[in-house]
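Structure first, then comments.
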Amino acid sequence: MAEVDFADANPRDARVDVASTWRHGLAPTTQSAMQTDPLEMLNAKIQTIKREQIGCQTGQEEEPKVKINARGLGGFMDSVVGMVMEEMKKVEEEHEILEPLTRVVDGKQEPATCVYELSPFMQVGADSGPSASAASAARKKLVVTCLSWSCTGQTVAASYGRYDIPGWCEDRGVLATWNLGRESVNQNKADVSIDVDNCLMACAFHPEHPALIAGGTFNGDVYIWDLSQDGDMQRAKSDALSDLRHREPIVSMEWIYSMTEYNKYGDKARAYRLVTLGADGLVMVWKWHKLSTAMYGYRLLWPQPGSSSKVMHGGACMGFQFDPAARSVGGLSTFMVGTEGGRVFKCYMDMNDEALKEFAKKAGAGEKVELRCPIKEADYSAHAGAVYGLDCCPFQRDLFLTAGYDGCVHLYHSLKQQHLLEVVPTAGPLHGVRWSPVRPLVFAAAAGDGRVYFYDLWRCPGMVSPVLSMDASPDARPTYALAFNAKRPEWFATGGASGIQIWQLPSNLTQLRKGEEGAVRRLAAADDFDAALRKLQQ
């Protein structure tokens with residue numbers, strides 16, 4: 001490259017060119033393309049060339065022909081088929097098959113176990129004031145007058161009152177309930193405790209609504225409580241100024257299903273009417289959600305034996321006939337009443353829509369309403385004292401039990417005047433009797449000596465002694481109330497002057513035996529009850 005001289009350059013139009021040399025160093029380039037040869041593709045299949053199926057079997061052998069002489073066989077079968085069918089029917093109805101738990105071995109009976117001892121009254125300490133001590137002393141005089149299980153079988157309710165009050169009652173009563181289905185049960189404090197103005201003598205849970213319960217007091221008041229409500233649980237109360245009300249203690253309460261009420265309200269809870277029996281001889285029918293006045297009423301006005309003049313018979317206990325198909329008292333209007341004089345009455349509710357309207361019209365206008373007599377049969381053999389307990393059989397509508405102050409339990413058929421059976425568990429009075437809801441031939445009676453006696457017609461030769469005796473009161477104070485549990489048959493409740501006891505019954509008193517329902521129907525239909533009972537016990 002020549003050397004450049006800048007000395008002679010003119011600054012105005014000077015131009016300097018410097019030749020580029022980088023292109024001379026570039027290597028020559030060429031464009032070209034390439035690809036592989038085309039790929040050859042091939043599809044191929046494989047399979048077996050030949051199929052073959054082979055089967056084999058044995059040859060059919062000819063069975064040797066056997067000659068049978070069937071002469072007379074048809075006639076023999078015709079002659080014995082009736083006897084064989086009868087014997088099979090007896091086995092089906094009478095004999096137990098594979099029931100070792102319900103058999104008594106060598107006459108031994110499993111005992112019942114007390115699982116709870118309940119009391120709603122807290123103990124008052126020495127530092128409590130005089131008012132608390134006075135209230136505690138008053139409550140110590142209260143006894144359990146009635147027991148009831150809820151329709152779920154989980155909750156037990158007890159009414160507290162007194163039997164030793166000669167006139168108007170001013171002592172407060174109590175309704176107490178415990179839910180025994182909880183993991184922990186406070187035996188010294190009720191889940192719900194409701195104070196009542198006077199002694200509470202009867203209570204009954206609603207058959208369909210587990211929180212509804214009715215109560216009847218010493219002064220004749222009727223209450224309805226809803227245990228599911230917060231605060232005040234009282235749903236309704238009868239009018240103390242009404243002429244159509246009880247004026248003496250309410251001794252029994254029953255819920256009765258009414259198709260008329262169901263068609264009117266379309267509600268199972270409101271489909272039931274409440275029936276109450278009072279010591280004043282009145283039987284009152286109520287709409288439980290409208291207790292301002294009774295919807296109908298009867299009075300036990302009937303002549304005494306040997307006299308034509310009618311007298312009022314004070315009620316002591318009541319029971320409605322069951323429908324064996326529905327296992328409830330729904331739709332049946334026949335009921336039995338035990339009286340303070342020892343008589344037993346068969347009664348019938350013959351009220352219809354026209355009679356109800358006429359009754360409501362007169363009651364609304366303040367007119368005097370004549371109460372009719374419901375008694376249809378009054379010639380049953382009587383007890384030698386007040387009839388304190390009565391219960392109708394859940395499995396046969398015509399059988400019912402009574403227990404009286406004379407210490408006897410009578411078994412009646414509603415179509416026969418003379419009682420079918422009499423047992424005497426104790427020399428003292430009996431305060432209640434109940435039929436088992438699961439064993440048709442088992443019943444229990446509560447006595448004044450504090451004991452509860454169980455009888456089983458199937459396995460009690462001669463019926464002279466109970467199969468089980470429970471001591472519900474160690475200090476021999478009376479047991480006034482008892483209640484089987486239809487949903488939990490192993491639970492049995494007793495109550496009285498010693499509080500409430502919940503028992504677990506042995507399995508042979510809670511498990512239905514094969515053919516037992518048929519046995520109780522045959523006993524009811526037998527012309528000779530004693531002979532039928534002896535045949536059953538063989």
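The values are calculated or read from the model by the stated rules, or taken from the named source; none is laboratory data. This is a predicted model, so every value here is computed, not measured. Don't worry about glycine lacking a Cβ; one is built from the backbone with ideal geometry, like all the others, and counts go over all protein chains shown. Side chains are part of the model used for accessible areas, which takes the heavy atoms of the whole protein and leaves out ligands, DNA and RNA. Shrake-Rupley method; radii C 1.70, N 1.55, O 1.52, S 1.80 Å.
Go through region 184-218 and count every residue that is surrounded by fewer than 20 Cβ atoms within 10 Å (Cβ to Cβ) and over 20 Å from the mean Cα position of the chain (by Cα).
Qualifying residue count, region 184-218: 9.
May I ask you to list the residues in region 352-367 that are closer than 24 Å to PRO249 by Cβ and surrounded by fewer than 20 Cβ atoms within 10 Å (Cβ to Cβ)?
Selection gives nothing.
Tell me, which strands (runs of 3 or more DSSP E) wholly within region 254-363 include 3 or more residues that are in contact with an Asp or Glu (Cβ under 7 Å, 6 or more places away or on another chain)?
Answer list for region 254-363: 272-278, 315-320.
Anything in region 252-268 that is of a type in the set (Phe, Trp, Tyr) and open to solvent by less than 70 Å² (accessible area, probe 1.4 Å)? List them, or say none.
Here is the first cut: in region 252-268, the ones of a type in the set (Phe, Trp, Tyr) are 255, 257, 262, 265.
Once the filter is applied, which keeps residues that are of a type in the set (Phe, Trp, Tyr) and open to solvent by less than 70 Å² (accessible area, probe 1.4 Å), region 252-268 yields TRP255, TYR257, TYR265.
Just give me the residues in region 221-251 being crowded, with 23+ Cβ neighbours inside 10 Å and small (Gly, Ala, Ser), in sequence order.
If the condition is that a residue be crowded, with 23+ Cβ neighbours inside 10 Å and small (Gly, Ala, Ser), then SER238 is the only one that fits.
What number of residues within region 156-168 are in contact with an Asp or Glu (Cβ under 9 Å, 6 or more places away or on another chain) and either surrounded by fewer than 22 Cβ atoms within 10 Å (Cβ to Cβ) or aromatic (Phe, Trp, Tyr) (or both)? Full working, then the answer.
Filtering region 156-168 down to residues in contact with an Asp or Glu (Cβ under 9 Å, 6 or more places away or on another chain) leaves 161-162, 165.
Restricting the remaining residues to those that are either surrounded by fewer than 22 Cβ atoms within 10 Å (Cβ to Cβ) or aromatic (Phe, Trp, Tyr) (or both) gives 162, 165.
Selection size over region 156-168: 2.
If I ask for residues that are more than 20 Å from VAL442 (Cβ to Cβ) and small (Gly, Ala, Ser), which ones from region 363-403 would you list?
Within region 363-403, ALA363, GLY364, ALA365, GLY366, ALA378, SER381, ALA382, ALA384, GLY385, ALA386 meet the criteria.
Which strands (runs of 3 or more DSSP E) does region 444-538 wholly contain that include 1 or more residues that are hydroxyl-bearing (Ser, Thr, Tyr)?
Counting at least 1 such residues, we get 451-456, 468-471, 479-484, 491-496.
State whether one or more residues within region 504-521 are touching a Gly at 6+ places or on another chain (Cβ under 8 Å), open to solvent by 40 Å² or more (accessible area, probe 1.4 Å) and at pLDDT below 95.
Filtering region 504-521 for residues touching a Gly at 6+ places or on another chain (Cβ under 8 Å) gives none.
Looking through region 504-521, none of the residues is touching a Gly at 6+ places or on another chain (Cβ under 8 Å), open to solvent by 40 Å² or more (accessible area, probe 1.4 Å) and at pLDDT below 95.
Can you spot a residue in region 100-122 that is at pLDDT below 90, exposed (fewer than 10 other Cβ atoms within 10 Å of the Cβ) and either of a type in the set (D, E, K, R) or over 30 Å from LEU457 (Cα atoms) (or both)?
Within region 100-122 (the criterion being at pLDDT below 90, exposed (fewer than 10 other Cβ atoms within 10 Å of the Cβ) and either of a type in the set (D, E, K, R) or over 30 Å from LEU457 (Cα atoms) (or both)), the answer is yes, since at least one residue qualifies.
Taking region 454-474 only, how many residues are open to solvent by 20 Å² or more (accessible area, probe 1.4 Å) and under 21 Å from TYR388 (Cβ atoms)?
So the count comes out to 3.
Answer with yes or no whether PHE335 is modelled with pLDDT of 90 or more and closer than 30 Å to HIS209 by Cα. Let's see the steps before the verdict.
Working: modelled with pLDDT of 90 or more: yes; closer than 30 Å to HIS209 by Cα: yes.
Spelling it out, PHE335 is indeed modelled with pLDDT of 90 or more and closer than 30 Å to HIS209 by Cα.
Scan region 392-416 for residues that are open to solvent by 10 Å² or more (accessible area, probe 1.4 Å) and under 16 Å from THR339 (Cβ atoms) and jot them down.
TYR405, ASP406, CYS408
Quick check, is TYR388 among the hydroxyl-bearing types (Ser, Thr, Tyr), open to solvent by 20 Å² or more (accessible area, probe 1.4 Å) and touching a residue at least 24 places away in the same chain (Cβ under 8 Å)?
The answer is yes for TYR388.
Just to verify a result, which residue in region 488-503, among those that are modelled with pLDDT of 95 or more and open to solvent by 10 Å² or more (accessible area, probe 1.4 Å), is nearest to LYS141 (Cα to Cα)?
If we take residues in region 488-503 being modelled with pLDDT of 95 or more and open to solvent by 10 Å² or more (accessible area, probe 1.4 Å), then GLN501 is nearest to LYS141 (Cα to Cα).
Every residue in region 169-180 that is open to solvent by 50 Å² or more (accessible area, probe 1.4 Å) and among the small types (Gly, Ala, Ser), please.
none
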